[in-house]
Amino acid sequence: MKLKPYVCSLLLALGFGSVAYAETAAPPPLPPEMQQQLLDVQKKALEAEAKLSAEKEKNIEEKHKLFVENEENLKKHQDRMFLFTTVGTIGGIIIGWLSFILMAQKWVREWVEKEINGNLKHLTRIVDNSRLETRIKESIRLLVLHHEGGNNLHSELKNTGFWVADMETSTEAQDIDWKEYDQVIFDSVEEKTLLAYVAKYPNRMFLAYTVGHYPNLPRNGMVATANSKMTLYSRLMESLTWQHWQKNKAA
């Protein structure tokens, strides 16, 4: 039985296709040596991959460590800068206040020294005047002339530290022992009697005390007047001090 040409061609194609399919679907097994080499290569590839992964993890850890260290250093730097800024600010405030206090202290010291020096001068004058008054009181002998009764000026003057004698006087000018007395005080003596003493001792200074006034009293400065016990001491000391300086000038 003869087959037609196209049937033969079809059978040949099917035969070669089956063989090719069989070769493709089931490759021949590799020799054991090659299989072992292939396994070794796969193992080395896995080991290399694991090593690379470990290196990556190590690199990541180092980067994280560096990042943490940088963060800590940055925080320390920020804390240090904050500390320096705070200390500098507080130090500046303290130095400023100290400078102000020192300036104020210097100003206060200068002002106090000025006040003390001024007060010392004033106190020195007071002390000197007090000493002068004391010396005058110790060296001056006063005589109080009065009519009967009078205002008891000799007791007033004794209470202020003077040595005082008192004497009643008549309308005529009595003799005065000027060796015994340095100053004469009239205690409400009539103007006529006062003028008689002034005329008799024109070169002597007197102090006239009266609650009124003496209209005919000479204005030559030789007779000081006082019209109250409050002004008696001050007017007497003015007269005695003036006489003291006059004596020193003449000497």
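Counting only residues that are open to solvent by less than 80 Å² (accessible area, probe 1.4 Å) and not polar (S, T, N, Q), which one in the range 229-251 is farthest from residue 159 (Cα to Cα)? Out of the qualifying residues, it is 244. Just name the residue that is modelled with the lowest pLDDT out of those in the range 87-126 that are among the β-branched types (Val, Ile, Thr) and over 18 Å from the mean Cα position of the chain (by Cα). Among them, the one singled out is 124.
Please go through the range 194-226 and give me each residue that is of a type in the set (Ser, Thr, Tyr), outside any loop (DSSP other than H, G, I, E, B) and crowded, with 18+ Cβ neighbours inside 10 Å, ordered by number.
Listed by number, the residues that qualify are 197, 209.
Taken together, the residues in the range 162-192 that are touching a strand residue (DSSP E or B) at 6+ places or on another chain (Cβ under 8 Å), surrounded by fewer than 18 Cβ atoms within 10 Å (Cβ to Cβ), closer than 15 Å to residue 150 by Cα and free of Cβ contacts under 8 Å to residues at least 40 places away in the same chain amount to 3.
The condition of being without any contact (Cβ under 8 Å) to a residue 40 or more places away in the chain and farther than 15 Å from residue 147 by Cβ does not hold for residue 211. State whether the residues of the range 153-161 include one that is in a loop (DSSP other than H, G, I, E, B), of a type outside the set (A, V, I, L, M) and more than 57 Å from the chain's Cα centre (by Cα). No, there is no match, as no residue in the range 153-161 is in a loop (DSSP other than H, G, I, E, B), of a type outside the set (A, V, I, L, M) and more than 57 Å from the chain's Cα centre (by Cα). Pairing each residue of the range 84-102 that is free of Cβ contacts under 8 Å to residues at least 40 places away in the same chain with any residue that is in a helix (DSSP H, G or I), provided the two are 6+ apart or on different chains, yields no C-beta distance under 9 Å.
The values are calculated or read from the model by the stated rules, or taken from the named source; none is laboratory data. Quick caveat, the model's predicted, so the values are computed rather than measured. Neighbour counts are summed over all protein chains in view; Cβ atoms, including those assigned to glycine, are modelled from backbone coordinates with ideal geometry. Side chains included, ligands, DNA and RNA excluded: accessible areas come from the protein's heavy atoms. Shrake-Rupley method; radii C 1.70, N 1.55, O 1.52, S 1.80 Å.
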